[in-house]
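Q: Questions regarding the structure given below will be posed in turn.
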């Protein structure tokens, strides 16, 4: 039977596996959500393709496949040139390839191509996504791939009979998963991403760049996606203002930051220092930041130190903190802050800048603050005025043409959201000569009791005001409180699962590796050993139990995989003998019979013992007589004596 | 250990046919396994002596049929003759009706006679004119074939060869034995004086015992693997048949019994394979009769032995 014929007889399940793998690869890459929907749609052709294939309808005509391939190539070149992103173009190409291939599965080689392409898709997807869903798809993919490879091996051998697959496939899959996990744990963590350049665009946020269109925060406030999850190292009462970026220049439509240069911070130990601080009074915030399209990081004001895996941490002159661009993609970091609502600052003319046409607002500000004596009182009065007299609303009508949106808010619509309030307050303060700036960040967040952390969403984005009073930047928030919506328990639970994914998988860093290593090694450090606490002893005990268990199960697994498992004592010793003799240079093939083994040892001193051993072996192995304890002992001793004898013979 | 009776039997035969221990052993194994034996060799190396000695030593009735081209089936099976006394046809049994038959130069006779003999030996019975006659027990055919002479012969087709359990080759004796054989009394005279070692009933009993020998499952798999390996080999046009496998199992049991075991071991199978399977294969380019045996040996060397 030729290989081709053997192939035709391949079990249906194998074809099914190929279809499944092709499909999983495409799904994996599509769920990243980074692909062009039009290009993705071409992948839908895979469904009828594999349907036809599984029904045994045969392949599409050659010229169709050829034409499609040429077309795909043209589209690919166009795609990579126009989009400028070669990486995504390749991702698109893999989908189209899979679709075409599903109509052209003939030879064994074609199946392998599908596997390879799916694998490539998985690699691309892993670069584009860190979602837990991808993690699940990947595990499923891995198992299916193992099964398919096992099948393909049998197919290559031309075997058609039913093969017991469940055990080998599940064992190899488990082994593969364990190995993957091991690699995951020990792979060196660097600040590089796999492809050198970060491709995931991340969540679109606005408000944290150097230039923010006025009113743009309103869009993201409608978005319920989670931006970050925060674990507080010690309890801290609300409010939580997760400070992001402050902006100083306003031209009536756009807020800008003109503080300019960022400077890198000094690294001390594993922390980047932003200022000297007292560790005791600092609040640590472990923050898992979802990928966003900015390199800024958030934290409670005033951040004093950042612990993070990044090339550098930089800070601008207005207390905003940034990571290196790559590190910001999978940022999880710990910020240490001295929490207070005022931060020392210096007077700067830029914080008094006003756009033109502020006369009306200026008059209003003077009216409001007529009774106040100090800057602080003035600020409080303005804050109170805005809080009481305006309505919070995310739906804001745009002003008539030519009208300043702030003027429109203050005097006409009297409806707006945080940006309107904060901008109004900043401008009013500036009108009265009090330096002020707008700060964008997140406010509050929802506590998740499941994991004891805080969920902050896009919709928690917020703007507030910092005014320089007595050389201290003091926080004011003129926005009236908005009742926060509560999440359902199930949503919180699912979010907790995502948090763990972010915490233990995506956020697994060099520091964690060190921690594990330290945990494993610490009981053996001599000093520690002498002063073991009971917890330490428990740890040592667990370690002593854990390690042999892992070792033994590995050995057990290997034995099963190599077919040792059905071997009882009798056969095992015989195999030992054979292996031993092979080591001593007796050429023993697997086709060697006991008598042939005996013949090889003719004239050796151990011949008699060998004969006895082989007789025992044959009687108990093929005579199907259970070996009693005495025979067992004798059997084992004979083997030992043969080993000794052979050693004496071949020094 | 080998049973004393079998040891004695072997020794008795080897006193007459010297230096042919393997052939003697295989002939006995064949007898114990209820199989028929094909001896393929040049004339004058002791084919007849072996068969006769085996019969004598086991107290079996023995007939030698010298096959010639003009022989008819009735010449071996027997004929029905009209009897004047009983006014009926009476069956006069031919030479086939005895325990051990030496079918000498079976390839000299015509296919009709050949197949009559082979059918009889396969079914252990003969049907003449709607009457069935059972052949005596034990029953064994030892056929000889001269591979060197082709002129005027009808070589047995493979389908007929398949009915033999084993094919062995005698070969010339080693020089020291040949010298003794030449100098000593002619073997036919020695044979005349030969005393049986065992009775016919003993042989039947041993055959039954041999059948009970245990063959462990993995050994059967091993045997089947060898059989199917002959079918897969590129150099073979036709591999061993299922009947071949059946004979193989029987022979392995008999061999184990012969070695004094009540269970078979891998060596039983591996040693017998060339003798059991060689004559069942049709090679793509046939050179001579020992090629097939050599090929089986090669194939067996590639099949892993169960451990």
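Q: Please report B:74, A:463, A:310 as a ranked list, fewest other C-beta atoms within 10 angstrom at the top and most at the bottom. Intermediate results must be reported in sequence, preceding the final value.
A: On the way: B:74 14, A:463 28, A:310 22.
By the 10 Å Cβ count, ascending: B:74, A:310, A:463.
Q: How big is the gap, in Å, between the Cα center of segment A:363-387 and the Cα center of segment A:257-279?
A: So the separation of the two Cα centres works out to 35 Å.
Q: So, one more: Using a Förster distance of 41 Å, how high is the FRET efficiency between residue A:110 and residue A:133, based on the Cβ-Cβ distance and rounded to 0.05?
A: Values: r = 29 Å, r/R0 = 0.71.
With a Förster radius of 41 Å, E is 0.90.
Q: For residue A:387 and residue A:210, compute 0.36 nm times the residue count separating them, minus their Cα-Cα distance, and round to one decimal in nm. Mind dumping the intermediate values first?
A: Working: separation 177, 0.36 × 177 = 63.72 nm, distance 2.76 nm.
Result for the pair: 61.0 nm of gain on full extension.
Q: Which peptide among A:116-122, B:180-186, A:344-350 comes first, and what is the full order, when sorted by highest mean count of other Cβ atoms within 10 Å?
A: Going by the mean number of other Cβ atoms within 10 Å, highest first, we get A:116-122, A:344-350, B:180-186.
Q: Still on this structure, I have one more. With everything on Cα atoms, drop me the angle between helix B:21-32 and the longest principal axis of chain B, reported from 0 to 90° to the nearest 10.
A: Roughly 70 degrees between the two axes.
Q: Averaging over every viewing direction, what projected area does the convex hull of the Cα atoms of segment B:212-307 cover, in nm²? Working shown, then result.
A: Values: hull surface 22.8 nm².
Seen from a random direction, the Cα hull of segment B:212-307 projects 5.7 nm² on average.
Q: Hey, fewest Cβ within 10 Å first, where do B:303, A:140, A:570 land in order?
A: On the way: B:303 19, A:140 15, A:570 22.
The fewest-first ordering by Cβ neighbours comes to A:140, B:303, A:570.
Q: Distance between Cα centroids, segment B:98-153 to segment B:167-235: provide it in whole Å.
A: For segment B:98-153 versus segment B:167-235, the Cα centre distance is 19 Å.
Q: Related question: Cα-Cα pairs above 22 Å in segment A:1-146: how many percent?
A: Taking all Cα-Cα pairs of segment A:1-146, the fraction more than 22 Å apart is 39 percent.
Q: Measure out, as a whole number of angstrom, how far apart the alpha-carbon centroids of segment A:90-116 and segment A:17-61 sit.
A: Here the two parts' Cα centres lie 9 Å apart.
Q: I would also like to ask the following. Provide the gained length on full extension for the span residue A:47 to residue A:278, in nm with one decimal, where the gain is 0.36 nm per separating residue minus the Cα-Cα distance. Intermediate results must be reported in sequence, preceding the final value.
A: On the way: separation 231, 0.36 × 231 = 83.16 nm, distance 6.19 nm.
The span from residue A:47 to residue A:278 would gain 77.0 nm if fully extended.
Q: Related question: Suppose each label sits 7 Å from its Cα in the direction of the beta carbon; what would the residue B:69-residue B:122 distance come out to in nanometres?
A: So the two model labels end up 2.6 nm from each other.
Q: What is the calculated FRET efficiency for residue B:2 to residue B:301, with r their C-beta to C-beta distance and R₀ = 30 Å, to the nearest 0.05?
A: FRET efficiency, residue B:2 to residue B:301: 0.65.
Q: Two decimals is fine: what's Rg over Rh for chain B, C-alpha atoms, Kirkwood radius as Rh?
A: Values: Rg = 19.6 Å, Rh = 20.2 Å.
Across chain B, the Cα-based Rg/Rh ratio is 0.97.
Q: With everything on Cα atoms, drop me the angle between helix B:200-211 and the longest principal axis of chain B, reported from 0 to 90° to the nearest 10.
A: Long axis of B:200-211 versus the principal axis of chain B: about 30 degrees.
Q: Turning to a different aspect of this structure: Going by average Cβ neighbours within 10 Å, how do the peptides B:51-62, A:103-114 rank, with the highest at the top? Display every interim value, and only then the final one.
A: Numbers: B:51-62: 22.2, A:103-114: 17.0.
Packing proxy ranking, top to bottom: B:51-62, A:103-114.
Q: Then there is this: Within 10 Å of each Cβ of A:590-598, how many other protein chain Cβ atoms are there on average? Working shown, then result.
A: Details: counts 7, 11, 5, 10, 5, 6, 5, 1, 1.
Going residue by residue through A:590-598 and averaging, the value is 6.
Q: How large is the helix-only mean residue ellipticity at 222 nm for the protein assembly as shown, computed as the sum of -39500 (n - 2.57) over DSSP H runs with n ≥ 4, divided by its residue count, in deg cm²/dmol to the nearest 500? Present the calculation step by step, with values, prior to reporting the outcome.
A: On the way: 35 runs with 452 residues, N = 958.
Theoretical 222 nm ellipticity from helices: -15000 deg cm²/dmol.
Q: Using the Cα atoms of segment A:211-502, I'd like the radius of gyration and the largest Cα-Cα distance, Dmax, both in angstrom.
A: Calculated on Cα positions, Rg and Dmax stand at 19.1, 56 Å.
Q: Now, a different point. Report for the protein assembly as shown the percent antiparallel among DSSP-assigned beta bridges with both residues inside it, nearest 5. Mind dumping the intermediate values first?
A: Working: 75 of 95 bridges.
Roughly 80 percent of the beta bridges in the protein assembly as shown run antiparallel, per DSSP.
Q: Exposure proxy check: B:81, A:469 ranked by fewest other beta carbons within 10 Å?
A: Values: B:81 11, A:469 21.
Starting with the residue having the fewest Cβ neighbours, the order is B:81, A:469.
Q: In nanometres, what is the gap between the two model label sites at residue A:54 and residue A:550, each 7 Å from Cα along Cα-to-Cβ?
A: Output for this residue pair reads 4.0 nm.
Q: How shielded is A:136-145 by partner chains, expressed as the average number of their Cβ atoms within 10 Å of its Cβ atoms? Spell out each step's value before the answer.
A: Values: counts 0, 0, 0, 0, 0, 0, 0, 0, 0, 0.
Mean shielding by partner chains, rounded to a whole number: 0.
Q: Related question: Which FRET efficiency value, to the nearest 0.05, do you get for residue A:90 and residue B:211 by plugging their Cβ-Cβ distance into 1/(1 + (r/R0)^6) with R0 = 51 Å? Working shown, then result.
A: Values: r = 70 Å, r/R0 = 1.38.
After rounding, the FRET efficiency stands at 0.15.
Q: What is the diffusion coefficient of the protein assembly as shown in µm²/s, taking the Kirkwood radius over Cα pairs and the Stokes-Einstein relation at 4 °C with a viscosity of 1.567 mPa s? Display every interim value, and only then the final one.
A: Details: Rh = 37.6 Å.
D = 34 µm²/s.
Q: Could I have the simple spin-label model distance between residue B:82 and residue B:283, label points 7 Å from Cα toward Cβ, reported in nm to one decimal?
A: Modelled inter-label distance: 5.5 nm.
Q: Okay, moving on. Taking the 0 to 90 degree range and rounding to the nearest ten, how far is the long axis of helix B:289-300 tilted relative to the main principal axis of chain B, both from C-alpha atoms?
A: Approximately 40 degrees, to the nearest 10.
Read the figures in this text as sums done on the coordinates, not as results from a lab. Computed from a predicted structure; not experimentally measured. We place every Cβ from the backbone using ideal geometry, glycine too, and count neighbours over all the protein chains shown.
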